[in-house]
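The values are calculated or read from the model by the stated rules, or taken from the named source; none is laboratory data. Bear in mind that the values here come from a model prediction, so they are computed numbers and not experimental data. Here the Cβ is made from the backbone with ideal geometry for all residues, glycine too, and neighbour counts use every protein chain on show. Only protein heavy atoms, including side chains, enter the accessible area calculation; ligands, DNA and RNA are left aside. Shrake-Rupley method; radii C 1.70, N 1.55, O 1.52, S 1.80 Å.
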Amino acid sequence: MKRKRIFLLAIGVIFILFLGTLLYAILRIDDPYRYFTGLGERISVAPDDSKIAFSYFIDGKESIYTANPDGDGVKKITNLKEQRDHSPTFSPDGKKLVFLSKDSKGIHTLHVMNQDGSEARQLTHHGFHVTDAIFSHDGETIFFVAVEAEEYRKGEESREGFDLFSVDAEGGHIQKLTDADHFSMNNLSLSPDGQNIYYSEFDGLNERIYSYSLESGKVNTKPSILPAKIANKQSFNEPQLSPSGKQLAFTDVSRESQEKSLFKYDLFLLNLETKKMERLTDLKKAVTSPVFFHKENKIAFLENTNWPDEPSEYQLMILNVTTHSLEAVKLDTPQSKGGNRFIQMLNHTVNSLTLAILYMLLLSLLSVYLHYYYPGKMYLPVTVSLAIGILAFISSFAVAAMVNPWYGIGLGMLAAGILGCSFIVVLFILIFKRFAK
């Protein structure tokens, strides 16, 4: 009887742990950055190369900072407590910064401020969802990518897309430049003469570079800066045109990871004069946000050191294009105040692997208990589990067809997890029965 009580107690404890973990995973706020401390995902280099602007999280609160290229002189320049400020970009004279601010509903608004953070102004209302912005060469106009916030919230059901807009840097009338409803529209760059705006869009297979002519008001899907042979077979992720217009930096999947389930992204450089393409990094992680220095032949970028986990942990890197020397910059940024360590640890612990382990442990304990006290019913728990998995798998097709494809995919992944756990428990039962007395 003592062993039976121990079995029942263990089953009860594991059941409570599994149920509690499941409920916490369902009810918690799904925001991996809620308590995060670390770099944001976009950087910018001042025109005189004296400063680097970036966003930085402290316990989930994201603000804009500036620092010297060597990592010293870190200064916080925004402090919107209820929003997350990110994606800073310097003006051509370095005196101003344009940036985005994310509200509690996930909508990004456009803001501009002086380089020291003073005289900050909001340029777009919450009816627009803005994703990228740059200054014109004279600094008087800001070009930005946006979609109506209401359409953005619809997600896959939206029939509208992203377009290019302009607004006076001092605030005022917003002008819509394109009416193409792009599926995606990212990584704005301006040509040296200031007459063409380059951007990338995913065409279903690769990231392609398009351009918009300010003179003609037309979109060109085959910009003249790209050789046709390269443009048709190369994917350009996060493309950035150099200040001289002679080079194009971008990221792409490394050749050795193309046949693997997890893609690794490295930094590439295309010489637009010689048409020669060069791979600059071999970090076996993920490279993002490449930006050119203006006075030196260098590129700053972020290395995602924990790719593909979230929250993403970035390391600021500077690469000398001439010597290929690579430097990791240690930013003298503030540290976490440490008030949310227990919740952070809990969030880190509660994941799909934890749920799978607890689920398999519960099924295994139930099976062993039935083996000893209800002979012939040992396979009952795993049989029920297999039936649930099969039912969920069949239902996923109906949900995908009648409700939402993404919901169907999610239900299918859940079914795969249940079936996988069930088969592992079946294997455990077979081994247990062979050696159990």
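List, in order, the whole-Hz ³J(HN,Hα) value for each residue of the range 161-178 obtained from phi through the Karplus relation with A = 6.51, B = -1.76, C = 1.60 and θ = phi - 60°; use x for Gly and Pro.
Along the range 161-178, the couplings run x, 7, 9, 9, 10, 9, 8, 5, 4, 8, x, x, 5, 9, 10, 8, 8, 10 Hz.
Between the alpha-carbon centers of the range 234-293 and the range 358-403, tell me the distance in whole angstrom.
Here the two parts' Cα centres lie 47 Å apart.
Using per-residue counts of other Cβ atoms within 10 Å, averaged over each peptide, order 125-132, 63-70 from highest down.
Ranking the peptides 125-132, 63-70 by packing returns 63-70, 125-132.
In the chain, what percent of the accessible surface is made up of carbon and sulfur (1.4 Å probe, ligands and nucleic acids excluded)?
57 percent
Taking Cα atoms of the range 173-332, Rg/Rh with Kirkwood Rh, to two decimals?
Value, to two decimals: 0.97.
How compact and how long is the range 1-130, expressed as Rg and Dmax of its alpha-carbon atoms in Å?
Expressed in Å, the Cα Rg and Dmax of the range 1-130 come to 22.6, 82.
Name the residue farthest towards the positive end of the dipole of the range 92-248 from the options Pro239, Ala228, Phe202, assuming +1 on Cβ of Lys and Arg, -1 on Cβ of Asp and Glu, about the Cα centre.
Value computed over the given set: Ala228.
Per residue of the range 290-303, what does 6.51 cos²θ - 1.76 cosθ + 1.60 with θ = phi - 60° give for ³J(HN,Hα)? Whole Hz please, x for Gly and Pro, Karplus curve as stated.
x, 9, 7, 6, 9, 9, 10, 7, 10, 10, 9, 7, 10, 9
Applying the Karplus parametrisation 6.51 cos²θ - 1.76 cosθ + 1.60 with θ = phi - 60° to the phi angles of the range 182-195, what ³J(HN,Hα) value in whole Hz is obtained for each residue in order, glycine and proline being reported as x?
Here the 3J(HN,Hα) series is 5, 4, 9, 7, 9, 6, 5, 9, 10, 5, x, 8, x, 9 Hz.
Toward the positive end of the charge dipole of the range 1-92, about the Cα centre and with charges on Cβ (Lys, Arg +1; Asp, Glu -1), which of Ile43, Gly60, Val74 goes farthest?
The Cα lying farthest towards the positive end belongs to Gly60.
Among Leu280, Pro92, Leu361, whose Cα projects farthest towards the positive end of the dipole of the chain, with charges put on the beta-carbon of Lys, Arg (+1) and Asp, Glu (-1)?
Leu361
For the pair Ser50/Glu278, report the inter-label distance in nm, with labels modelled 7 Å from Cα in the Cβ direction.
3.0 nm
Quick check on the chain: helices-only [θ] at 222 nm, where DSSP H runs of length 4 and up contribute -39,500 (n - 2.57) each and the sum goes over total residues. Nearest 500, please.
Mean residue ellipticity, 222 nm, calculated: -9500 deg cm²/dmol.
How large is the dipole of the range 94-239 about the Cα centre if only Lys and Arg carry +1 and Asp and Glu carry -1, each at its Cβ, rounded to the nearest 20 debye? List each step's numbers first, then the result.
Details: 14 positive and 23 negative charges, 74 e Å.
With only Lys, Arg, Asp and Glu charged at Cβ, the dipole is about 360 debye.
Given a Förster radius of 56 Å and the C-beta distance between Ile390 and His125 as r, what FRET efficiency does 1/(1 + (r/R0)^6) yield to the nearest 0.05?
Details: r = 50 Å, r/R0 = 0.89.
Computed FRET efficiency for Ile390 and His125: 0.65.
What's the FRET efficiency of Arg434 with Asp30 using the Cβ-Cβ distance as r and R₀ = 30 Å, to the nearest 0.05? Before the final figure, lay out the partial values.
Numbers: r = 43 Å, r/R0 = 1.43.
Efficiency, from the Cβ-Cβ distance: 0.10.
Taking the alpha-carbon centroid of each part, what is the distance from the range 294-337 to the range 62-110 in angstrom?
17 Å
Using modelled backbone amide H atoms (1.01 Å from N, in-plane), which distant-in-sequence or interchain residues come within less than 5 Å of Gly139's amide H?
none
Classify the chain as rounded, prolate or oblate from the Cα gyration tensor: take a ≥ b ≥ c as the square roots of its eigenvalues, call it rounded if a/c is under 1.5, otherwise prolate when a/b beats b/c and oblate if not.
Prolate shape, in that a/c is at least 1.5 and a/b is the bigger ratio.
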